[in-house]
Amino acid sequence: MKFYRNQVLLSIDNPSLQENYLIIDSFLRQELAKQNLDDEINVLDKGSLGFAGTGVSMMIYPEQVTYINITKADIPEIVREHFIKGLQVNRLLMEEAIKPFKRAEKRRIVLENSGIIDPENIDEYLAVGGYEAWEKALMEMEPTQIVDEVRDAVLRGRGGAGFPAGVKWNFTEILKGIQKYFVINADEGEPGTFKDRLIMEGDPHKLLEGLIIASYAVGATKAFIYIRGEYKLCIARLQKAIDQAREYGLIGKNIFGKGFDLEIEIKIGAGAYVCGEETALIESIEGKRGNPRFKPPFPGVKGIWQKPTVVNNVETIANIPSIIKKGAKWFKSFGTDDCPGSKIFTILGDVTNPGLCEVDLGTSLRTVINEYGGGMKDGKKFKAALIGGAAGVFLNEEHLDVALCRKNLHEHGAVLGSGAILVMNEEASIVDIMYSVIKFFRHESCGKCSPCRLGNEQLYQLISKIRFGKGKAGDLEKMVSISEAMQKTSFCALGQSPVMSIKSAFKYFKPEFERVLN
Amino acid sequence: MDQEIFQKFLPEKENLISILHTIQDNHPEHYISKEAIKEVGDFLKIPVNQIQSVVSFYSMFSSKPRGKYIIRLCESPPCFLKGSEKILEKLQKILGIEAGETTKDKMFTLELTSCLGICGNAPVMMINDDVYGDLNDEKIEKIIKSILGGQR
């Protein structure tokens, strides 16, 4: 490996691609070469650096300086001032408060390498201790021990339902002598959620290592990563990571002579929110419509082609390498007793710096908004937050100190969900957002069961009437009773979800709805 | 249809969605025709109605011919809060079509979509595989103009 004086990370996410990233990239390399600095300074193309709306951005190591909104014209100045004179270019500097590594806190688990190593180079992942957990798992641990370690860590699923991963694995691990499958659910579709995309773009090998260990633990010899079709960069980077892992003998036949085989295949989704539901996802992997299946039997017993299948979210599995390497006890030193570890939250809406952060579970909503989201945009007043995406719950300013963990949110009638936090200021209309939430469910209902298909249509008719000033007394009560009936009778979580946002919206913001009724 | 597409896949039912993606991506009008469905049915030995039901289920698939550029504007809550309805109005005005329609010159198809997972830059849209974020009226005009400029 060659050593450089500086590592320069250029953000290569979609927003920067659109700002002529490629021209800037090649111009920077050209300017560095002109000054004979290309031997000392290494330029790397990265995934998103963890913040948005800042054009082409650049992070320089080891000094951890971040420049944003860079244009081609800025390059000579950056090269001259920063790399030759060692002075910062203040006018391009990102403010301290919105630096991702302030955001990222001291100890990230899942995102520890994102934005630091080259996601497309397995050697860089190996250099930071990558695949050591897989080596430890395969050489020193029995599959049962791995399952026990994950169960002891109380690693709860990070996709929304929060079911402990170790318990789920155990159902499948104990079944012997049959073909088993492991599936990564990367069909990220909950509105306001893009954490899995950033894990896959920023550190695909971490997910892969977690998946390999998990497959070994439950005895699955074939694994699938089901990625939504829109995530082109994730698909490309994961495919590259799989190819590299195979080349290094980390997957394949008789891995390290231990008699364990594993193949990993990417499956691409085609745009259906319901495929985030694990049985619908399994149907889709089989090449069918993504209609959910009846449970039980659960996928852990009968999944893909009726064979035992474990389905876990991307973020859940990205925690596995650290848990195996450092142990359950270490993992439990973060977060709360009921919900150990960290969680990636996406903070959106009317905050100064929309983006994501990985924090300890149990961090307060206020801290996440103020310290990581940079506070309310333009100093406006906080009004509401929709937590957990469309399948989430509205909270008001009385709940700002709620701890973001399963237990405390539950006490406030809320859920953690996928970790999306949509913040609304005093000018936002809850009626409008409610309309958007219901429109979403109406579109995404798969149509298999009547309560969800018809219920969402009825809810949509009602909320449209209300929003456009044609609502009548009794309409709000109708919405509650319809959504309650859907909760009791729908086939899967999709139809059971609208009740949460509807009831919470009415609980905290009812006058706003009543004002627009006739 | 291009038989090369079928050579990339084993005739197994689990490959249906990948095959449909490939067919659609390779069609100049970005859609899956009735003829293509029949050919897929012959290849996989499954009934055409079953394939049609898969095509109609997934929102990325279209059974209608579409324009050269497919605009997919997000209307989920984070983009909605940031004014995606106004952006929709603007797009409809510039293109002279409603959501779900294609311009007469077959250049643009305008669609609405659920969350695209780029919410930090709301409101956002995708045009084919490219993402455009932090949209406002000016940006919309610039984007459409630059696409048309590159064309003519």
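The values are calculated or read from the model by the stated rules, or taken from the named source; none is laboratory data. Note that the structure is predicted; figures quoted are calculated from it, not measured. Backbone-built Cβ (ideal geometry, glycine too); neighbour counts: all protein chains shown.
In this structure, does A:I482 turn out to be over 29 Å from the mean Cα position of the chain (by Cα), over 17 Å from A:F509 (Cα atoms) and of a type in the set (V, I, T)?
Taking the combined requirement at face value, the residue satisfies it.
Listed by position, the helices (runs of 4 or more DSSP H) inside region A:116-174 whose residues that are in contact with a strand residue (DSSP E or B) (Cβ under 6 Å, 6 or more places away or on another chain) and surrounded by 17 or more Cβ atoms within 10 Å (Cβ to Cβ) number at least 1 are A:165-173.
Return yes or no: is A:K478 surrounded by fewer than 22 Cβ atoms within 10 Å (Cβ to Cβ), of a type in the set (D, E, K, R), without any contact (Cβ under 8 Å) to a residue 40 or more places away in the chain and in contact with a helix residue (DSSP H, G or I) (Cβ under 7 Å, 6 or more places away or on another chain)?
yes
Candidates are the residues of region A:249-258 that are touching a strand residue (DSSP E or B) at 6+ places or on another chain (Cβ under 9 Å) and outside any loop (DSSP other than H, G, I, E, B); the one that is farthest from B:S18 (Cα to Cα) is A:I255.
Checked against (1) under 27 Å from A:E112 (Cα atoms); (2) in contact with a Pro (Cβ under 9 Å, 6 or more places away or on another chain), A:R366 passes all but a single condition, namely (2). Against the criterion of being closer than 30 Å to B:N26 by Cβ and in contact with a helix residue (DSSP H, G or I) (Cβ under 8 Å, 6 or more places away or on another chain), B:D134 does not qualify.
Pairing each residue of region B:122-138 that is within 10 Å of chain A (Cβ to nearest Cβ) with any residue that is basic (K, R), provided the two are 6+ apart or on different chains, yields C-beta distances under 6 Å for B:A122/B:K82; B:M126/B:R72; B:D129/A:K232. Looking only at region A:360-382, decide whether some residue is among the aliphatic types (A, V, I, L, M), within 11 Å of chain B (Cβ to nearest Cβ) and either surrounded by 21 or more Cβ atoms within 10 Å (Cβ to Cβ) or out of contact with any Ser or Thr (no Cβ under 7 Å at 6 or more places or on another chain) (or both). Checked region A:360-382: no residue is among the aliphatic types (A, V, I, L, M), within 11 Å of chain B (Cβ to nearest Cβ) and either surrounded by 21 or more Cβ atoms within 10 Å (Cβ to Cβ) or out of contact with any Ser or Thr (no Cβ under 7 Å at 6 or more places or on another chain) (or both). When A:Y248, A:Y216 are checked against the criterion of being more than 14 Å from chain B (Cβ to nearest Cβ), touching a Pro at 6+ places or on another chain (Cβ under 8 Å), among the hydroxyl-bearing types (S, T, Y) and within 30 Å of A:L126 (Cα to Cα), a single residue qualifies: A:Y216. All told, B:I71 falls short of being β-branched (V, I, T) and within 11 Å of chain A (Cβ to nearest Cβ). Of A:G335, A:G349, all but one fail to be surrounded by 24 or more Cβ atoms within 10 Å (Cβ to Cβ) and at positive phi; the exception is A:G349. Inside region B:77-109, residues that are within 14 Å of chain A (Cβ to nearest Cβ), farther than 20 Å from B:N128 by Cβ and not basic (K, R) make up a count of 6.
Just checking, how many residues over region A:211-230 are touching a Phe, Trp or Tyr at 6+ places or on another chain (Cβ under 6 Å) and either part of a strand (DSSP E or B) or without any contact (Cβ under 8 Å) to a residue 40 or more places away in the chain (or both)? Matching residues across region A:211-230 total 2.
Hey, can you tell me all the residues within region A:341-356 that are assigned to a strand (DSSP E or B), modelled with pLDDT of 90 or more and within 13 Å of chain B (Cβ to nearest Cβ)?
Passing the criteria: A:I344, A:F345, A:T346, A:I347, A:L348, A:G349, A:V351.
Looking at region A:292-303 only, could you name the residues that are closer than 16 Å to A:V218 by Cα and surrounded by 22 or more Cβ atoms within 10 Å (Cβ to Cβ)? Once the filter is applied, which keeps residues that are closer than 16 Å to A:V218 by Cα and surrounded by 22 or more Cβ atoms within 10 Å (Cβ to Cβ), region A:292-303 yields A:P299, A:G300, A:G303. Between B:K68, B:K45, the distinction of being in contact (Cβ under 8 Å) with a residue 24 or more places away in the chain, out of contact with any strand residue (DSSP E or B) (no Cβ under 8 Å at 6 or more places or on another chain) and more than 17 Å from A:A270 (Cβ to Cβ) belongs to B:K45 only.
Please go through region A:405-429 and give me each residue that is part of a loop (DSSP other than H, G, I, E, B), more than 25 Å from A:V274 (Cα to Cα) and at pLDDT below 95, ordered by number. Across region A:405-429, the qualifying residue is only A:H412.
Here the condition is being among the charged types (D, E, K, R), crowded, with 24+ Cβ neighbours inside 10 Å and modelled with pLDDT of 95 or more; of A:E398, A:E315, it holds for A:E315 alone.
Evaluated against (1) under 22 Å from A:W169 (Cα atoms); (2) in contact (Cβ under 8 Å) with a residue 40 or more places away in the chain; (3) among the aromatic types (F, W, Y), A:W330 falls short on exactly one condition, (2).
The residues of region A:259-305 that are assigned to a loop (DSSP other than H, G, I, E, B) and at the interface with another protein chain (Cβ under 9 Å from one of its Cβ atoms), listed by number, are A:G269, A:A270, A:G271, A:A272, A:E286, A:G287, A:K288, A:R289, A:G290, A:N291.
One residue alone among A:L233, A:L208 is surrounded by 24 or more Cβ atoms within 10 Å (Cβ to Cβ) and either touching a residue at least 40 places away in the same chain (Cβ under 8 Å) or in a loop (DSSP other than H, G, I, E, B) (or both), and that residue is A:L208.
Listed by position, the helices (runs of 4 or more DSSP H) enclosed by region B:33-152 that each have at least 3 residues that are within 15 Å of the chain's Cα centre (by Cα) and closer than 20 Å to A:Y273 by Cα are B:48-57. Annotation: of all residues in region A:382-404 being among the β-branched types (V, I, T) and in a strand (DSSP E or B), the one that is nearest to the chain's Cα centre (by Cα) is A:I387.
Which fully enclosed helices (runs of 4 or more DSSP H) of region A:1-110 have 2 or more residues being modelled with pLDDT under 75 and either more than 22 Å from the chain's Cα centre (by Cα) or within 14 Å of chain B (Cβ to nearest Cβ) (or both)?
The helices (runs of 4 or more DSSP H) meeting that bar are A:14-18, A:100-103.
Looking across region A:435-452 at every residue that is more than 9 Å from chain B (Cβ to nearest Cβ) and not small (G, A, S), the one that is surrounded by the most Cβ atoms within 10 Å (Cβ to Cβ) is identified as A:C452. Looking at region B:1-32 only, could you name the residues that are more than 14 Å from chain A (Cβ to nearest Cβ), touching a residue at least 24 places away in the same chain (Cβ under 8 Å) and part of a helix (DSSP H, G or I)? Answer for region B:1-32, where residues must be more than 14 Å from chain A (Cβ to nearest Cβ), touching a residue at least 24 places away in the same chain (Cβ under 8 Å) and part of a helix (DSSP H, G or I): B:F6, B:N26.
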